[in-house]
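Visitor: Below are the structure tokens for one structure; questions will follow.
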Amino acid sequence: MIRDPRFIPIPGSLNFRDFGGYLTADGGTVKKGKLFRCGMLTGIAKTGREDFAALDIGVICDLRREDEVEGSPTPIDAPFDVRVHIPIAPGSSMDLRASFSNPDMNTQHRIDYMREITREIARDHVAEYKLLVEQLLNTENGFLLHCTAGKDRTGFGAAVILSALGVAEEHVFDDYLLTNSATELFEAMKPRFEENYGGTVTDGDLQAVAGVQREYLEAAIQTIHQHFGNMQGYLEEIGLGPSATAELRGRLLS
């Protein structure tokens with residue numbers, strides 16, 4: 001299978017890609033080489049550091065919980081020394097993990113938990129995404145956001161940024177669903193699930209939890225409409241009012 005060119009082949013990286021290149025509703029294009037998203041950076045090999053440095057990233061927003069950071073720390077030397085920690089810890093993700101110890105839970109339950117996680121990310125973590133937006137606005141260089149797998153907290157953040165730039169919703173979903181092509185992510189997560197939960201994890205469970213589904217992001221967008229009126233209301237809440245949005249578009253669109 002031919003890998004989407006948005007993926008950046010840095011040795012040891014997870015789900016690492018450029019989320020530029022999308023067309024906006026008014027005919028612009030999101031610049032490539034400015035916006036990046038990925039999973040944890042812990043595994044990046046020494047041979048990949050030069051490739052990472054070449055991206056000229058001015059800030060790394062790490063959205064992982066404290067325990068995730070402690071268990072899989074990001075290197076502290078250059079080019080990783082521009083890291084800003086903005087921990088996001090959805091309580092429903094703890095419920096998801098607990099569900100694997102419950103024999104009455106099935107794949108549909110995992111999917112329901114994943115939808116609830118994205119709802120919670122959208123509803124309860126406004127302050128954290130406001131900090132992320134501040135970092136984005138304050139760097140002239142490349143911008144990277146990531147979590148452990150680069151798909152839920154990161155996927156929502158990337159969707160918000162693309163929405164602010166005027167990218168059509170269908171393309172926002174295209175970027176979100178591209179995680180399902182990150183084969184290295186599934187390869188990394190499968191042994192961890194087997195180690196932690198033994199034979200209780202089915203292939204369907206793994207696809208539901210290690211990948212993404214359209215309905216996950218739809219749940220977050222529905223929550224935004226319920227609590228903030230619409231996406232524009234949410235963007236204003238996190239600091240992307242008209243002037244900040246115009247500045248962002250001026251910098252990141254061509």
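Visitor: Amide H of Phe143: which non-local residues (sequence gap of 5 or more, or other chain) have their own amide H closer than 5 Å, using H built in the peptide plane?
Guide: The answer is Leu35, Phe36, Gly58.
Visitor: In a GNM of the chain with a 10 Å cut-off on Cα contacts, which of Arg214, Arg153, Arg192 has the highest mean-square fluctuation?
Guide: Arg192
Visitor: Using r as the Cβ-Cβ distance of Asn138 and Thr107, and R0 as 35 Å, what FRET efficiency do you calculate, to the nearest 0.05?
Guide: 0.25
Visitor: Now for a separate question. Return the carbon/sulfur percentage of the accessible area of the chain, one whole number, probe 1.4 Å, all protein chains in place.
Guide: That fraction is 51 percent.
Visitor: Then there is this: Work out, step by step, the length gained on full extension between Ala54 and Glu236: first 0.36 nm times the residue separation, then minus their alpha carbon distance; give nm to one decimal.
Guide: 62.2 nm
Visitor: Extending each Cα 7 Å along its Cβ direction at Glu184 and Asp124, get the distance between those two points in nm, one decimal.
Guide: 3.2 nm
Visitor: Using Cα-Cα distances under 8 Å and only pairs 6 or more residues apart, what relative contact order does the chain have, in percent?
Guide: 26 percent
Visitor: For segment 126-254, with every protein chain kept in place, what is the accessible area per residue (1.4 Å probe, Å²)?
Guide: With the other protein chains kept in place, segment 126-254 gives 41 Å² per residue.
Visitor: How large is the helix-only mean residue ellipticity at 222 nm for the chain, computed as the sum of -39500 (n - 2.57) over DSSP H runs with n ≥ 4, divided by its residue count, in deg cm²/dmol to the nearest 500?
Guide: -15500 deg cm²/dmol
Visitor: Given the options Gly71, Gly157, Gly58, which has the most mean-square fluctuation in a GNM of the chain, springs set between C-alpha atoms less than 10 angstrom apart?
Guide: Its mean-square fluctuation being the largest, the pick is Gly71.
Visitor: With springs only between Cα atoms under 10 Å apart, run a GNM on the chain and tell me which of Met105, Met114, Met231 wobbles the most.
Guide: For the chain, modelled as a Gaussian network with Cα springs under 10 Å, the answer is Met105.
Visitor: Then there is this: Within the chain, how many lysine pairs that are 8 or more places apart, or on different chains, have C-alpha atoms less than 27 Å apart?
Guide: The number of close lysine pairs in the chain is 12.
Visitor: Let me ask you something else. With a ≥ b ≥ c taken as the square roots of the eigenvalues of the C-alpha gyration tensor of segment 207-254, please select rounded if a/c is under 1.5 and otherwise prolate if a/b is larger than b/c or oblate if it is not?
Guide: oblate
Visitor: Where a ≥ b ≥ c are the square roots of the eigenvalues of the C-alpha gyration tensor, would you call segment 147-252 rounded, which needs a/c under 1.5, or, failing that, prolate if a/b is larger than b/c, or oblate?
Guide: Verdict is prolate for segment 147-252.
Visitor: Please check which bits of segment 12-54 a label hung off Glu170 would reach, taking the label as a point 7 Å along Cα-to-C-beta and the cut-off as backbone N under 18 Å.
Guide: Backbone N within reach: 21-30.
Visitor: Also, I was wondering about something else. Among 77-87, 220-230, how do they line up by average Cβ neighbours within 10 Å per residue, starting with the highest?
Guide: Per-residue Cβ counts within 10 Å, averaged per peptide and sorted highest first, yield 220-230, 77-87.
Visitor: If amide H atoms are built 1.01 Å from N in the plane of the peptide, which residues on other chains or at least 5 residues away come under 5 Å of the amide H of Leu253?
Guide: For Leu253, the qualifying residues are Lys31.
The values are calculated or read from the model by the stated rules, or taken from the named source; none is laboratory data. Treat the numbers as computed from the prediction; the structure is a model and nothing was measured. In this analysis, Cβ positions are derived from the backbone assuming ideal geometry, glycine residues included, and neighbour counts consider all displayed protein chains. When the accessible area is computed, the model is the full protein with side chains, heavy atoms only, and any ligands, DNA or RNA have been set aside. Shrake-Rupley method; radii C 1.70, N 1.55, O 1.52, S 1.80 Å.
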